[in-house]
Amino acid sequence: MAQPGRTTFPLGGDLSVHRLGFGALRLTGPGYWGPPEDREAAISTARLAVDLGVSFIDTADSYGLGSNEELLAEALRPYPDGLVIATKAGQCRPRPDQWVPCGRPEYLRQQAELSLRRLRLDRIDLFQLHRIDPKVPAAEQFGALGELQDEGKIRHIGLSKVTVREVEAAREHITVASVQNVYNLTDRRNDEVVEYCEKHEIAFIAWLPIARGALAAGGSPVADIATELEVSAGQVALAWLLHRSPAVIPIPGTSSPAHLRENVAASGIALSDGQLARLNALGRTHDDATVPV
Ligand SMILES: NC(=O)c1ccc[n+]([C@@H]2O[C@H](COP(=O)([O-])OP(=O)(O)OC[C@H]3O[C@@H](n4cnc5c(N)ncnc54)[C@H](OP(=O)(O)O)[C@@H]3O)[C@@H](O)[C@H]2O)c1
């Protein structure tokens, strides 16, 4: 029986986080544009995540146009020791459901300041460049993050939706603590990035870990293994990610307390070598896939 390996990851070398994290994107309103319709329910879901032992929560300045960060601050302050809230900047939101890369250095600086205010923090533990903006020289974007770090406003720097080549280019300017890319059982287009991150002790934060719910839904390709293990299909998808590499931190998103409990419990599931082989065989690279967020 294969075990999922270490239960924590040393983010940036000095922040130990549980590898089963929480993505807060779902705690917003329609189109990810504003606050959630049921604010009290969203607040209690965020609190439940921490009560269940989650110590890594992912948000962004653009989630709910800032309201997601405000909600996390309201729910979780005073922040418990060891809780890492990772945020991002670098995507503008002209309309609901629209995301446009914005990487001007002055804009990234402004957004870091606004995230500090909304999260009510003196320093952001992990500040991620949401997208490398193709309209702005990449070195300028990395430089802005390096400056924020030198000034003590952010502790560690992460990148999102990047190739190995882009991570290597960034590492010429800054220390990269994490990469956040799409990755799940049936979408392995970032296999090479996972390998690279594991080799260099960079956290690989897997977004869409249950394929926006598809891997947990009826007809999931992992339904038979879920039945064998007497767990849910979504739990199998998360357990596979934890077995895939000790660098992987899945950040499943949910607004449902029941799903949250189920997702966190997936960190205790061991998969047999045979089950792992069957799950590995489900992978596809989805070269032509588009993921809008
Ligand atoms: N860096 C980027 O560009 C980027 C892009 C997208 C997302 N992200 C991050 O990744 C996180 C996760 O992404 P995501 O929320 O879009 O995708 P996801 O985690 O793959 O899937 C979330 C969907 O699955 C459902 N779900 C969650 N747990 C379930 C369970 N146990 N059983 C059945 N259904 C379940 C949720 O619905 P319910 O609410 O009903 O549970 C929701 O519809 C986000 O919160 C965000 O932090 C980052």
**Message:** Between 192, 198, which is among the charged types (D, E, K, R), within 17 Å of the chain's Cα centre (by Cα) and more than 13 Å from the ligand (Cβ to nearest atom)?
**Reply:** 198
**Request:** Return only the number of the condition from (1) in contact (Cβ under 8 Å) with a residue 40 or more places away in the chain; (2) in contact with a helix residue (DSSP H, G or I) (Cβ under 9 Å, 6 or more places away or on another chain) that residue 122 does not satisfy.
**Result:** (1)
**Message:** If I ask for residues that are touching a Leu at 6+ places or on another chain (Cβ under 8 Å), assigned to a loop (DSSP other than H, G, I, E, B) and away from the ligand (no atom under 12 Å from the Cβ), which ones from segment 13-44 would you list?
**Reply:** 19, 33, 34, 35
**Prompt:** Taking segment 233-258 as the search range and keeping residues that are within 13 Å of the ligand (Cβ to nearest atom) and in contact with a His (Cβ under 9 Å, 6 or more places away or on another chain), which one is farthest from residue 36 (Cα to Cα)?
**Reply:** 249
**Message:** Quick check on segment 244-255. Is at least one of its residues free of Cβ contacts under 8 Å to residues at least 12 places away in the same chain and either farther than 29 Å from residue 47 by Cβ or in contact with a helix residue (DSSP H, G or I) (Cβ under 7 Å, 6 or more places away or on another chain) (or both)?
**Reply:** no
**Request:** Please indicate, with yes or no, whether at least one residue in segment 156-172 is of a type in the set (S, T, N, Q), farther than 17 Å from residue 21 by Cβ and touching a residue at least 40 places away in the same chain (Cβ under 8 Å).
**Result:** no
**Request:** Could you grab me the full set of residues in segment 38-63 that are within 15 Å of residue 79 (Cα to Cα) and acidic (Asp, Glu)?
**Result:** 51, 58
**Item:** Residues of segment 229-263 satisfying the condition of being closer than 18 Å to residue 181 by Cα and charged (D, E, K, R)
**Value:** 244
**Asked** In segment 7-30, what residues are crowded, with 20+ Cβ neighbours inside 10 Å and of a type in the set (Ser, Thr, Tyr)?
**Response** 28
**Request:** Filter segment 163-189 down to residues that are over 19 Å from the mean Cα position of the chain (by Cα) and of a type in the set (D, E, K, R) and give me whichever is farthest from residue 204 (Cα to Cα).
**Result:** 172
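All of the numbers you see were taken from the coordinates with simple rules; none came from a lab. Here the structure is a predicted model, which means the values were calculated and not measured. Reconstructed Cβ throughout: ideal geometry from the backbone, glycine too, with neighbour counts over all protein chains shown.
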